[in-house]
Amino acid sequence: MTDPLALDPVLPERERSRLTFADDVPHDERYRIFEEHVAAGGKVEAWDWMPDDYRTGVLRFVEMHANSELMGVLPEREWLMRAPTLRRKLALTAKVQDEVGHAQLLYRVAEDLGKPREAMFDDLLAGKTKFHNVFHYPTRSWGDIGIIAWLVDAAAIVAQQALRDSSYAPYARTMRKICWEESVHIMHGRDVVVTLVTGTPVQRAMVQDALDRWWGPLMQMHGPRSPREKDRDLAWRIKAKTSEELRQEFLGIYVPRILELGLSIPDPELRFDAVAAEWRYGEPDWEELRTVVTNHGPMSEARLAFRRLNREETRWVRDAILGDPQLAA
Amino acid sequence: MTATRPKSEGTSEPESPGVLEPYEVFRQEKDGDPMRHGGSVLAPDPTLAVHYARELYGRRQESVRLWVVRRSDIHDLDDPDLLQPPLDRSFKKPGGYVMRDKLEAARKQAGTMKPKAKER
C-alpha cells in the first residue's frame, strides 16, 4: 500500500502580492526584489515601497492620460449645442461627462503617487506636461464627431485594454472601469458614422472628409516604433504593448469596418501583408506629431486658453469648498 | 513591515475644514452582491465625498449602494506573519484531502466498484 504520507499534497509556493520589506533591507536589494516582483507579473499598490523611477514613470504616464481625458472633451464640447437630434445631444453630453469623470479618476490615481492636482493643472496649462495629439485639432463638421467617437476612441481603447493588467494596480483597476465606459462611446460614434454614410450624398461626403483629415493623426496617435527592450514603461510592466503592436491591433480591427461602409482610407500604401502577417502603411508624419504634442498644433493654444479661462471662472467654487480664509473675511 | 501609509491620529472627527482627504468608495452592483472597492475620491468632508462618489461611481445606474469611508478610518492589517504564516494549512482546505489512491485500495479490499456518477 502507498505510504499515506507521500500522498499529502504539496502546497504551491505561496504567491504574495505584497512587497514586504524589513526596514533594514538595503536599497539596492529592495530594488532587485521589486524588479523581480513586477517582471513576474506582480502588482504594486499605492502604499507599497517602490523605486523613485517607477513612481515617476507611473505618475508621468497616468498624468498624461488624465490630461488627455480632460483636454479631449473640448473638441466634442463644441458640438453639444449643434448636435442634430435630442438623442445625439444626450449621448454626446454623457460622453463629455464620462471623459471628465475619467480625468478625475486618473488624477486621483496620480495624486496618490504624490503630485497634487493643482500642480498637475499648473503644469498642463504652462505647457510643461502633454496631452494626446488628436485633441490639438479642430472639429469642422458633425462628421468629425462621429470619426472621433468611433475611431479616436477605438485607437485609445486598444491601448487602454492593454493597461487593465498594468503592474500599478490602482491604475489597472481604474482602466477596467474606463474601458467599460469607452465601449459605449465607440458604439455611439459608429452609429453616427453609419447613419451619415446611409444618408444624403452631402452627409456621406462629410464623413469621408472627416476621415481624410483624421487618418494622419490617428496613425500617429500611438507614437513611433520603438524597440521593446529600450522601453522602461514596458520593463516595469506599467504598459504591456509597444506602439507598433497597438497600431497593428487597431488596423486589424478597424480597417475592415471602415472599408465595409464604402469609405476610402487616404493611404495608398495601406495593405495587409499576409506573409509577414502585419499591416503595411505609409510612414506617418512624425514631425507633425512632435510639433502638435509640444503645443504647436492648430488648436493647442486655443484649447489651453479655454482651460485657463475655465479654471479662473471656477476658482470661486474651489475657494468655497476649501474654505479660503480670504473669502470668509 | 510595509511602508507606512499616511494615517491621521486616533479621532474619527473630520479634519480641519479646507483640508482635502482621500475617501475610499465601495459599491454594490445589485441587491445581494458584496460591496466591492471601486476607487477613491478626494474631498474636504464626508458630504462632498458622497456627492463625488455618486458622480463618479453611480452616474450610469451601475450601483445600488455606495459606502464612502475616510481612508484614515480604515484599520489595515497586512502583516504576513498573521495572514500568511509559512505553515502547511492544507488541512483547512478541501483540496488538502487527496484520497484517490486510498479509496482505490479500500474498494479493492471491499471488493466493490466506483459508483456511477449519478449514484455518487
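Only the coordinates and a few stated rules stand behind these numbers; no lab work does. All values derive from a computational prediction rather than experimental measurement. Cβ coordinates were reconstructed from backbone atoms using ideal geometry, including for glycine residues, and neighbour counts include every protein chain displayed.
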Any chance you could give the angle, 0 to 90 degrees and rounded to 10, that helix A:169-197 forms with the longest Cα principal axis of chain A?
-> 20
Once phi for every residue in the range B:82-93 is put through the Karplus expression 6.51 cos²θ - 1.76 cosθ + 1.60 (θ = phi - 60°), the whole-Hz ³J(HN,Hα) values, with Gly and Pro written as x, are 8, 9, 10, x, x, 10, 6, 10, 4, 5, 8, 10
In terms of the charge dipole of the protein assembly as shown, which places +1 on Lys and Arg and -1 on Asp and Glu at the beta carbon, the residue among B:TYR57, A:ALA126, B:PRO22 farthest towards the positive end is B:TYR57
Can you give the relative contact order of chain A as a percent, counting alpha carbon pairs under 8 Å and 6+ residues apart?
-> 18
List the relative contact order of the range B:21-73 as a percent without decimals, with contacts defined as Cα pairs under 8 Å and 6+ residues apart.
-> 47
With axes computed from alpha carbons, what is the tilt in degrees of helix A:201-220 against the longest principal axis of chain A, rounded to the nearest 10 within 0 to 90?
-> 40
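Using the Cα gyration tensor of the range A:219-327, with a ≥ b ≥ c the square roots of its eigenvalues, what is the shape: rounded (a/c below 1.5), prolate (a/b larger than b/c) or oblate (neither)?
Details: a/c = 2.75, a/b = 2.01, b/c = 1.37.
Here the range A:219-327 falls in the prolate category.
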Set B:LYS93/B:LYS116; A:LYS43/A:LYS128; A:LYS241/B:LYS30; A:LYS130/A:LYS239, cut-off 23 Å on Cα-Cα distance; pairs above it are B:LYS93/B:LYS116; A:LYS43/A:LYS128; A:LYS241/B:LYS30
For chain A, longest principal axis from Cα atoms; helix A:300-313 axis from its Cα atoms; angle between them, nearest 10 degrees, is 80
Per residue, the convex hull volume that the Cα atoms of the range B:21-73 enclose (Å³) | 64
For B:LYS118, A:LYS115, A:LYS239, B:LYS93, ascending order of other Cβ atoms within 10 Å (fewest first) is B:LYS118, B:LYS93, A:LYS115, A:LYS239
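Only Lys, Arg, Asp and Glu count, each charged at its Cβ (+1, +1, -1, -1), so figure out the dipole size of the protein assembly as shown about its Cα centre, rounded to 20 debye.
1740
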Relative to the compact-globule scaling 2.2 N^0.38 Å, provide the ratio for the alpha-carbon radius of gyration of chain A.
-> 1.16
